[in-house]
Structures are given as structure tokens and as C-alpha cells.
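The values are calculated or read from the model by the stated rules, or taken from the named source; none is laboratory data. Keep in mind that this is a model prediction, so the values were computed, not measured. Glycine also receives a Cβ, built like all others from the backbone with ideal geometry; neighbour counts cover every protein chain displayed.
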Amino acid sequence: MIRNLIGPPVTGMDFIGREKELADAWKAIEDTNSLLLASPRRVGKSSFAMKLANKAEEKGWNALYLDLQGLKDEGEFISLIIRKLNKIKEKNSLLELAKNRIQDFLNSIKKVNAFKITLELQQNPEDFYEKLSKAFELPQRTLIIIDELVLFLEELSRNGDIARAETFLNWLRNIRQKQSENVSWVFCSSISIHGFVSQNKLTYTINDIAPFNLGEMTKEEATLLFEKLDESYGTELSKEDIDYILGRIGWKLPYFIQLFFNKLTGDKEKYQQMNQEDCVNKIFLEIIQEHELDTWSERLTAYGEDETASRKLLNYLCLPDHKNERSLLEEIIKDFVPENADINEKYSNIKRMLETDGYIVQDDTGIHFRSPIIQEYWFNRYIQ
């Protein structure tokens, strides 16, 4: 029996599939490689990272999972680290929290709130970060996972203060360069991390981290997830039903499968009385007309001056009969970019951002929305 969880990371028995990716990632971690798990939203990065943390603990390692979403400054980040390190100390007295010198550091600031930590850090950031670095000189194998990295970097660099993000990234890089072989790192972020470091000339701060791709589920994994959910909730789906639904979903992400299944079980008796096509169409219509997918629109605000042009391009690409000629697509965004911008370069940048963030894909059939669900949502929301 598994649960259908939408939104929070999936853990334990509820986690299905990804066996090859888990094996590959764990081999790299055991070899003390740092991994950058940068994928579009809703691929399941956080669930995957938590599975790695569980695997580490099963192997007798320590595991620190640091979720940076919602953190506003360096003080809150450091407070989070302190709480996590203290938990490790409580669970494993042999660590001694990286010996007495680290305990001295923690004792000096553990009663200080995040605001005061931030003030102290801003007065002498290099010295402060250097002291904190000692907290990662751990005598036992430890996996440190930092989730939602790019959201925190964007928060630090709000109002154009890129120096704070640069200092933070350089500190992390220095730790990785100097650390013992006992510590392995996994960084989780939306794929826009590459755009952030590139635009701000900070690529050098992450060039020692090996990229690790997490894409859609295989057909077999997606089918297994449906079968497990069907078994748990008694929806009585046939193999033909599952194949048809997956064909409509297209981009086989766990989130889309879970979202569809949530609608199906919400009024199971009604849907069981409908034929297959009507049932699936009805559920898809419910999904695209509600607010579950609004984050795909809201995220474009992070594109800054490219937001309007990106929206115009998506408005066109969601049309079922759109053309793919580059000159036409450049013409669509021409009036929505700065006058002095090179339209060819601007189009390439916008297209790359939309591709890496999971909105669109280019293949043998041309350029189109990566997910049929998002395409229908976008058409219903902005065109119809």
C-alpha cells in the first residue's frame, strides 16, 4: 500500500522507481564526488534527494538535508546548519561535532538570533565563513544535501547585491576544495541555476560539481506507480487504461501522475461509470482549470526583463497549429525586448531558459510544449 502524495516530497514506501538513477548517484557519492541535481520543477528532485539521505543513513553515514526555500539571509542559513549539526551530535556522540573547536564556534553563536548572525557576518564575512567551515570537518562519512539553492541565491542577490551570492558560493566551493574525504555534497536546484551563475559570471563557483540529470520516469516506472496507486485505492484500472492515461500525460513526471490520480479518486464512482476517453478528458479539464499549475506561470516573474517576451512566445507555441520558423518566432518577441538588444541572441537566451525550465522542448517535430498538460493549461488560461 502506498499513499498518493501531492506537493510534499515522497519518502519511504511511497517512493517508486528511479532505481538506476539512485544507483548511479550513490556510486558517485561514495567516490566523494559533489553532484548538482539541476532539473525542471516537479521532476521529483527533493524526493530523490531524501531517498539518497535515507540510503546514506542505512549505510551508517550521517545525513544533513538543508532546505533553503523560504530563507531570507545568511543568518537564517547558518541557524539552520547549527540546528542540523546539533541533531547529528545528539544522534551520534562519537562525532563530538567535529571536535572541541567546532563546539567552541557553536557555543559562541548558538544563543544569537539569525539577525545578529547576519550583522556579524556582514562585518567580516570571510572570517565568519572560515570559522563556520570547521563545522564540516567531520570524522565520519556524511552526506550533505542542499535543496532549493537557486531560490536562496536569488534572495541574497535581491536588489542587485550579487556580491552576497558570490561570497556564499565561494564559501561552499572552498569547503568542497578543502574538505576531507568523509563529506559528500548534493546540490538540488531548478535548472535555472545555470542561468543564474552564467548571467552573473559565477560559473567558476560550481564548475567542480558534477551535473546529474534526473528526467522523466521510464514507461515501466510510470506504469508501476499507477499500478501501485491502483492497488492501494481500488480504482480498478486496466493496463489499457494506464497506457491511455500515460499517453495523454506525455511527460511522465510523478507529479502529473499523482495529480491525475488525485482527481480520479476524488469521485471514483462517477468516473467508473464513464468510458475511458470521457473520463480522462474530464479529469484533464479539471486539472487545467484549477490552480495546481499556476506555479508554471508565476515562475516566469523570475525572468525579469525577459518575462513578457517569454510569455508571448509561450502564448504562440501553445497553439496547436503554430509554425517553427525561427524568423517568425523572433518576430513574435521583437516588440517585447529592449530596443538595443540583439534579437537573435535574445531569442536564443529565452528559448534556452524555457527549455531548461521544462516549458518547451525541440525535437524532430519542431518546438513545442514539453508537457501536453502544461500546454492545455496555458491555452486555457491565456488564449481561449
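Restricting to segment 2-41, give me the number of residues that are within 19 Å of residue 216 (Cβ to Cβ) and charged (D, E, K, R). Number of matching residues: 7. The residue that is farthest from the chain's Cα centre (by Cα), counting only those in segment 227-266 that are part of a loop (DSSP other than H, G, I, E, B) and charged (D, E, K, R), is 236.
Here the condition is being modelled with pLDDT of 95 or more, exposed (fewer than 14 other Cβ atoms within 10 Å of the Cβ) and not assigned by the TED database to the domain that holds residue 195; of 313, 319, 329, it holds for 319 alone.
Among the residues of segment 342-366, the ones that are loosely packed, with under 14 Cβ neighbours inside 10 Å and of a type in the set (Ser, Thr, Tyr) come to 2 in all. Taking every residue in segment 345-359 that is outside the structural domain of residue 151 (by the TED database) and pairing it with any residue that is of a type in the set (A, V, I, L, M, F, W, C) and outside any helix (DSSP H, G or I), at least 6 positions away or on another chain, the pairs with Cβ-Cβ distances below 7 Å are 346/337; 354/360; 355/361; 356/191; 357/191; 359/369.
Going through segment 225-259 one residue at a time, which ones are at positive phi and not small (Gly, Ala, Ser)?
Just the residues of segment 225-259 that are at positive phi, to begin with: 234, 236, 250.
The answer is 236, and nothing else.
The requirement of being part of a helix (DSSP H, G or I) and either within 20 Å of the chain's Cα centre (by Cα) or exposed (fewer than 12 other Cβ atoms within 10 Å of the Cβ) (or both) is not satisfied by residue 215.
Mind counting the residues in segment 130-157 that are in a helix (DSSP H, G or I) and not acidic (Asp, Glu)? The qualifying residues number 12.
Go through segment 289-310 and count every residue that is part of a helix (DSSP H, G or I) and surrounded by fewer than 18 Cβ atoms within 10 Å (Cβ to Cβ).
Kept after step one, since they are part of a helix (DSSP H, G or I), are these residues of segment 289-310: 289, 295-310.
With surrounded by fewer than 18 Cβ atoms within 10 Å (Cβ to Cβ) added as a condition, the list becomes 289, 295, 297-299, 301-302, 304-305, 307-308.
Of the residues in segment 289-310, 11 are part of a helix (DSSP H, G or I) and surrounded by fewer than 18 Cβ atoms within 10 Å (Cβ to Cβ).
Every listed requirement among (1) closer than 17 Å to residue 3 by Cβ; (2) free of Cβ contacts under 8 Å to residues at least 40 places away in the same chain; (3) surrounded by 20 or more Cβ atoms within 10 Å (Cβ to Cβ) is met by residue 230 save one, (3).
One residue stands out among those in segment 158-206 that are under 19 Å from the mean Cα position of the chain (by Cα) and part of a loop (DSSP other than H, G, I, E, B): the one that is farthest from residue 73 (Cα to Cα), which is 191. With respect to residue 192, is the statement that it is closer than 27 Å to residue 48 by Cβ, at pLDDT below 80 and hydroxyl-bearing (Ser, Thr, Tyr) true? Spelling it out, residue 192 is indeed closer than 27 Å to residue 48 by Cβ, at pLDDT below 80 and hydroxyl-bearing (Ser, Thr, Tyr).
Any chance you could count how many residues in segment 21-34 are within 28 Å of residue 360 (Cβ to Cβ) and either modelled with pLDDT under 95 or in contact with a Leu (Cβ under 7 Å, 6 or more places away or on another chain) (or both)? Don't jump to the end; show me each part of the working.
The first filter runs over segment 21-34 and keeps only residues within 28 Å of residue 360 (Cβ to Cβ), leaving 21, 24-25.
Checking which are either modelled with pLDDT under 95 or in contact with a Leu (Cβ under 7 Å, 6 or more places away or on another chain) (or both) leaves us with 21, 25.
Qualifying residue count, segment 21-34: 2.
Does residue 3 satisfy the condition of being within 17 Å of the chain's Cα centre (by Cα) and surrounded by fewer than 20 Cβ atoms within 10 Å (Cβ to Cβ)? Spelling it out, it is not the case that residue 3 is within 17 Å of the chain's Cα centre (by Cα) and surrounded by fewer than 20 Cβ atoms within 10 Å (Cβ to Cβ).
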